[in-house]
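Report on the structure given below.
Values quoted throughout were computed directly from the atomic coordinates according to the rules given, and no laboratory measurement underlies them. These numbers come from a predicted model, not from an experiment. Don't worry about glycine lacking a Cβ; one is built from the backbone with ideal geometry, like all the others, and counts go over all protein chains shown.
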Amino acid sequence: MYRSLQGESTRAGEPCAFVRLTACDLRCRWCDTPEAFTGGRKLSLDHVANEVERLGCRLVEVTGGEPLLQSEVYPLMTRLLAAGHDVLLETGGHLPIDRVPDGVIVILDVKCPASGEAGRMHWPNLTSLPPTAEVKFVIEDRADFDYARDVVERHQLVGRGAAVHFSPVHGVLAPADLAAWILGSGLEVRLQLQTHKYVWGADARGV
């Protein structure tokens, strides 16, 4: 748990308390947080909630790993909402989001082919997106872009109230190339850069 600036989503740049949960059952080829696969400490809900209050941010992100693998994440999010926090949930998209409490802003990551995990997507999530949800595609190459564009169009993600982000794999796909593809496609999606990596560097942890 730590305090930093939100690096992604429509809340990018805002002070945010991060609660990073251990474990993930995906192994995305470009994963930038493999340290979350194992380790961590078992903590009570009281401990986590008290630490979030100590960090002093209205905005809180629950992330991982894959936070929905832990059953206690649901009462944790409910408790954070009740305490008056704006709560973001970063999830890989392969687990159902139907138990996520109302009021939590879901940031749903749709895996593209270069991740190696595109086949794990739980597609019903895209038909039941809350109007505040945001959808993210991490894009490594043109094939990923074309895949993401097809998903956006087939599921009519633009205009449903959910922000749609196209994010280049940092250090692999040049942001200018992705920007050109977005402009050339006519898609009304957002180019998203991982702000924290430009501020503190790609290898920094706890920021």
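Values computed for the structure shown
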{"quantity": "Neighbour-count ranking [beta-carbon atoms within 10 angstrom, fewest first] of His165, His85, His170", "calculated": "His170, His85, His165"}
{"quantity": "Kirkwood hydrodynamic radius of the chain, from inverse mean 1/r over distinct Cα pairs, in Å", "calculated": "17.4"}
{"quantity": "Proximal charge balance of Val104 [Cβ under 15 Å; K/R count +1, D/E count -1]", "calculated": "-3"}
{"quantity": "For Leu191, Leu173, order by how many other beta-carbon atoms lie within 10 Å, fewest first", "calculated": "Leu191, Leu173"}
{"quantity": "GluC sites (Glu not before Pro) within the stretch 28-84: DSSP coil, no more than 15 neighbouring Cβ in 10 Å", "calculated": "Glu72"}
{"quantity": "Inter-centroid distance (Cα atoms) of the stretch 130-207 relative to the stretch 63-102, Å", "calculated": "22"}
{"quantity": "In the stretch 68-165, trypsin sites (Lys or Arg not before Pro) in a DSSP loop with at most 15 other beta-carbon atoms within 10 Å", "calculated": "Arg99, Arg160"}
{"quantity": "The chain: DSSP helices with Cα axial extent of at least 27 Å and average Kyte-Doolittle hydropathy no lower than -1.0", "calculated": "none"}
{"quantity": "Cysteines without a disulfide-compatible partner [the chain; Cβ-Cβ under 4.7 Å]", "calculated": "Cys16, Cys24, Cys57, Cys112"}
